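A.B. asks: Input: one structure, supplied below.
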Ligand code: BTN
């Protein structure tokens, strides 16, 4: 990962740049990093606040040999990489809220945005974006989301070296991707579940259709979420929001 790496001071969104590079035929593993994004994108058309020099704003071009239905596995893989990185390099206890929000002390510090370009049953390419709040102080987290969002610095009490952390993420991503390619998703799934948030606990699930109480069981071999309704029936979910508390 990162054999071709493009570093910008400021961009609208690293996602868009990787889409352009993908269309120019750049190889698997091409990476774009920016110090600042002025139009950072989150999931569900939300904004992603990406202030200058305060976090990791990075997108990776992937050209996996996978059926499109398995693409969500890559998002779970990326979340696992970030959780492992934090766990191995601090006393913090990262948890992954399905599908791919990274929480510390119940607050979101990182999110992943996976955008896929597919034709018929073939993935052309995937743009995997990772955003991680690193060195924001508490007063630099937008006030209206302070109750649910945080940074590594706020939770751990010290600054992190952003460039070194990026290098570390890319190495760990490459190693984990190799395991995924050679052994399949099973190993990654176990690691994900080790960090899984509220697994075995009762939470509230909202889908497009309804909101219900459920116990989170874990993830399926294809990356879907498995949950049990109060009446005992189990469901497999591909798209849902989880709430708690
Ligand atoms: C989310 O949790 O909603 C996903 C956030 C993803 C943010 C990253 S930052 C790097 C890349 N470029 C973007 O514009 N978005 C992703």
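A.B. asks: Find how many whole Å separate the alpha carbon centroid of the range 77-155 from the alpha carbon centroid of the range 193-238.
C.D. replies: Result: 20 Å between the Cα centres.
A.B. asks: Can you classify the range 155-245 as rounded, prolate or oblate using the Cα gyration tensor, where a ≥ b ≥ c are the square roots of its eigenvalues, rounded means a/c under 1.5, and otherwise it's prolate if a/b beats b/c and oblate if not?
C.D. replies: On the way: a/c = 2.83, a/b = 1.62, b/c = 1.75.
Oblate.
A.B. asks: Hey, another quick one. Have a look at 117, 70, 24 and tell me which one the Gaussian network model of the chain (Cα, springs below 10 Å) gives the largest fluctuation.
C.D. replies: Result for the chain, Cα springs under 10 Å: 24 fluctuates most.
A.B. asks: Two decimals is fine: what is log10 I(q)/I(0) at q = 0.07, 0.08 Å⁻¹ for the range 5-195, from a Debye sum with one equal scatterer on every Cα and no solvent?
C.D. replies: -0.18, -0.23
A.B. asks: Let me ask you something else. Please compute the contact order of the range 202-243 in relative form: average sequence separation of alpha-carbon pairs under 8 Å and at least six residues apart, divided by the residue count, as a percent.
C.D. replies: 38 percent
A.B. asks: Further, regarding this structure: Rounded, prolate or oblate: which one fits the range 202-243, using the alpha carbon gyration tensor with axes a ≥ b ≥ c (rounded when a/c is under 1.5, else prolate when a/b beats b/c, else oblate)?
C.D. replies: Numbers: a/c = 1.72, a/b = 1.18, b/c = 1.46.
Oblate, because a/c is 1.5 or more while a/b does not exceed b/c.
A.B. asks: By the gyration tensor of its Cα atoms, with a ≥ b ≥ c the square roots of the eigenvalues, what is the shape of the range 1-78: rounded for a/c under 1.5, prolate for a/b over b/c, or oblate?
C.D. replies: oblate
A.B. asks: Using only the alpha carbons of the range 120-179, determine the length spanned along each of the three principal axes and report them from longest to shortest in whole angstroms.
C.D. replies: Taking max minus min along each principal axis of the Cα atoms, the range 120-179 gives 46, 28, 17 Å.
A.B. asks: For the peptides 187-197, 35-45, what is the packing order when you average, over each peptide's residues, the other Cβ atoms within 10 Å and list the highest mean first? Please list the in-between numbers first.
C.D. replies: Details: 187-197: 18.6, 35-45: 15.5.
Ranked from most to least packed, the peptides come out as 187-197, 35-45.
A.B. asks: Under 8 Å for C-alpha pairs, at least 6 residues apart: give me the relative contact order for the chain, rounded to a whole percent.
C.D. replies: Contact order relative to length: 16 percent.
A.B. asks: So, one more: If you average the sequence gap of Cα pairs under 8 Å that are 6 or more apart and divide by the length of the range 1-138, what percent do you get for the contact order?
C.D. replies: 24 percent
None of the figures in this text is laboratory data; all of them are computed from the coordinates on show. Because the structure is a prediction, the values reported are computed rather than measured. As a convention, Cβ positions derive from the backbone with ideal geometry for all residues, glycine included, and neighbour counts pool all protein chains shown.
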